[in-house]
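The values are calculated or read from the model by the stated rules, or taken from the named source; none is laboratory data. Source: prediction; values computed, not measured. Neighbour counts run over all protein chains shown; Cβ positions are idealised from the backbone, glycine included.
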């Protein structure tokens, strides 16, 4: 089934203990669409860039089968730019620069050919823009998943609450779940957040894996213990892309299939962190993905009789 | 098969955000033997207490089928005492009081009837005392597992290295693994630590689960997402007791069976934290344990075809 993805397509400049980059291609929707393109048949991008965005990077997305009809190019404006520096433990980072540029007045226009999309992934963006996308879908999608971050909890809580109430799956990290719910224990946080609307909740815990909740069940997917995390930028978006891409490709939104989707999301994210930016993500084979998913299965599966 | 356990049997005074206790029964060997008593047939305790240690607490251990022939009682001395206060996040604690008392000159005497033990669990103690136990076993046990802590890495590294080189399984937490190896990434830490001697390594990550390594494989067992952690004291020892108790009861030291043992250890530990001290651990039923192990399986197991 087809998958509509909205989010930022942007420039990043990244510094980690392993080195630093100049302006490279980044943004939530870049990672989400690249990741999901390995799984879903049709990936449709809604985003905005400036005239400074390289045509070859758009061509790169297209070469992954990503439909860029919904990518607006504002020739006289500049692309969104983010720059950040990771601390030595790679678990925290400082934002050095945020230039909204084209994102400041982003009006998400959905091409007519996208209106058939059954799956929608709302990458991290202003919750008002995310909600506009939902409202502009003429046919209700089968599943809407959403990412957000603490920034919107701080400055746009009411708008965020409205959007969260309209989605089926919310994907956030542990600190965001704690902030959003006011609960420290993640089980309690999950209950409160699902009461806000989403039927499913994914709480990402970085190197500690991810939890999937619905009203009755919880599933835990480990992260692969890695020798080296080279650059965590985009790992969360890549997870979301793998997750929703797997759901779109299998067209099954049961809890059991969501568990499998979390494994695919985790596997895709584990590739992302191996190199700077999208470097690893643009160059994956199906057999590599297959082998990585098998590693996740080997890591956590047990034969046990009670 | 029979299981020999050495470690402290002691008094603890605990303060958590939920309240505080007077002196209650504690110590690594108390938690290990109680936990393993639900699984292993014969649990044999080697420890030392002072004349101040209540006879009813010894009777309590005996009522769980724990053999206390190896429990020395120094009538004119005082039992080991530890007092600690947990911070609000329950992940860190301050030690308020440590009185070694009888532990200062502990000579671990192994009763003749314990010499047949196939499984040995060395609870956290001076590495010299731990090694003495190994040297005093007349027949080489089938499996020796060992816990330790950063304190011994700080003050007795050479003695610790000697003991680690003699054991089959080392069970430590993530911070200890990092300190012991000088490596931040746990995969690298594991490789270095196994090169020190142990064929198997378990790295406990508290609320984030536990990793089991051998030279070729890694298994990840999640922790149960809990609504409330009431008191973490003894959770690591309870894990070790469940782990080694399951191995002793099944008498199978394959990697696959160790994976199951890690689930049993995690299940036992998840009970421990529900109440103060040993309160929950002294009062468990087989059906409760069975149901909890099932919860761990439900939490992490997936049907997936590649």
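Out of the range A:103-124, which residues are within 20 Å of the chain's Cα centre (by Cα) and part of a helix (DSSP H, G or I)?
Hits for the range A:103-124 are A:103, A:114.
Since residue B:91 meets every condition but one in (1) touching a strand residue (DSSP E or B) at 6+ places or on another chain (Cβ under 9 Å); (2) at negative phi, which condition does it not meet?
(1)
Of the residues B:218, B:129, which single one is surrounded by fewer than 24 Cβ atoms within 10 Å (Cβ to Cβ), more than 30 Å from residue A:188 (Cβ to Cβ), in contact with a strand residue (DSSP E or B) (Cβ under 8 Å, 6 or more places away or on another chain) and within 14 Å of another protein chain (Cβ to nearest Cβ)?
B:218
Suppose we filter the range A:138-183 for residues that are free of Cβ contacts under 8 Å to residues at least 12 places away in the same chain and surrounded by 15 or more Cβ atoms within 10 Å (Cβ to Cβ); how many remain?
Total satisfying the criteria: 2.
Count, please, the residues in the range A:65-99 that happen to be assigned to a loop (DSSP other than H, G, I, E, B), at pLDDT 95 or above and under 20 Å from the mean Cα position of the chain (by Cα).
Final tally of qualifying residues: 3.
Take the residues in the range B:226-237 that are touching a helix residue (DSSP H, G or I) at 6+ places or on another chain (Cβ under 7 Å) and modelled with pLDDT of 90 or more; name whichever of them is surrounded by the most Cβ atoms within 10 Å (Cβ to Cβ).
Per the criteria, the residue is B:237.
Within the range A:239-283, track down each residue that is outside any helix (DSSP H, G or I), away from every other protein chain (no Cβ under 14 Å) and under 17 Å from residue A:41 (Cβ atoms).
A:251, A:253, listed by residue number.
This table checks each residue for (1) under 17 Å from residue A:21 (Cβ atoms); (2) touching a helix residue (DSSP H, G or I) at 6+ places or on another chain (Cβ under 9 Å); (3) surrounded by fewer than 19 Cβ atoms within 10 Å (Cβ to Cβ); (4) touching a residue at least 12 places away in the same chain (Cβ under 8 Å).
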| site | (1), (2), (3), (4) |
| --- | --- |
| A:50 | no, yes, no, yes |
| A:58 | no, no, yes, yes |
| A:63 | no, no, yes, no |
| A:69 | no, yes, yes, yes |
| A:76 | no, no, yes, yes |
| A:79 | yes, yes, no, yes |
| A:82 | yes, no, no, yes |
| A:85 | yes, no, yes, yes |
| A:89 | no, no, yes, no |
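Any idea how many residues of the range A:195-214 are out of contact with any strand residue (DSSP E or B) (no Cβ under 9 Å at 6 or more places or on another chain) and either farther than 24 Å from residue B:184 by Cβ or more than 13 Å from every other protein chain (Cβ to nearest Cβ) (or both)?
Total satisfying the criteria: 1.
Do the conditions hold for residue A:225, that is, is it away from every other protein chain (no Cβ under 13 Å), under 29 Å from residue B:304 (Cα atoms) and assigned to a loop (DSSP other than H, G, I, E, B)?
For residue A:225, the condition - away from every other protein chain (no Cβ under 13 Å), under 29 Å from residue B:304 (Cα atoms) and assigned to a loop (DSSP other than H, G, I, E, B) - is not met.
Filter the range A:290-306 for residues that are more than 21 Å from residue B:261 (Cβ to Cβ), within 7 Å of chain B (Cβ to nearest Cβ) and without any contact (Cβ under 8 Å) to a residue 24 or more places away in the chain and give the result.
A:290, A:294
If a residue must be closer than 20 Å to residue B:271 by Cβ and surrounded by 24 or more Cβ atoms within 10 Å (Cβ to Cβ), how many such residues does the range B:10-36 contain?
14
May I ask you to list the residues in the range B:1-43 that are within 18 Å of residue B:230 (Cα to Cα), touching a helix residue (DSSP H, G or I) at 6+ places or on another chain (Cβ under 7 Å) and not in a helix (DSSP H, G or I)?
Result: B:25, single match.
Which condition number does residue B:60 fail, the rest of (1) under 28 Å from residue B:261 (Cα atoms); (2) assigned to a strand (DSSP E or B); (3) over 18 Å from the mean Cα position of the chain (by Cα) being met?
(2)
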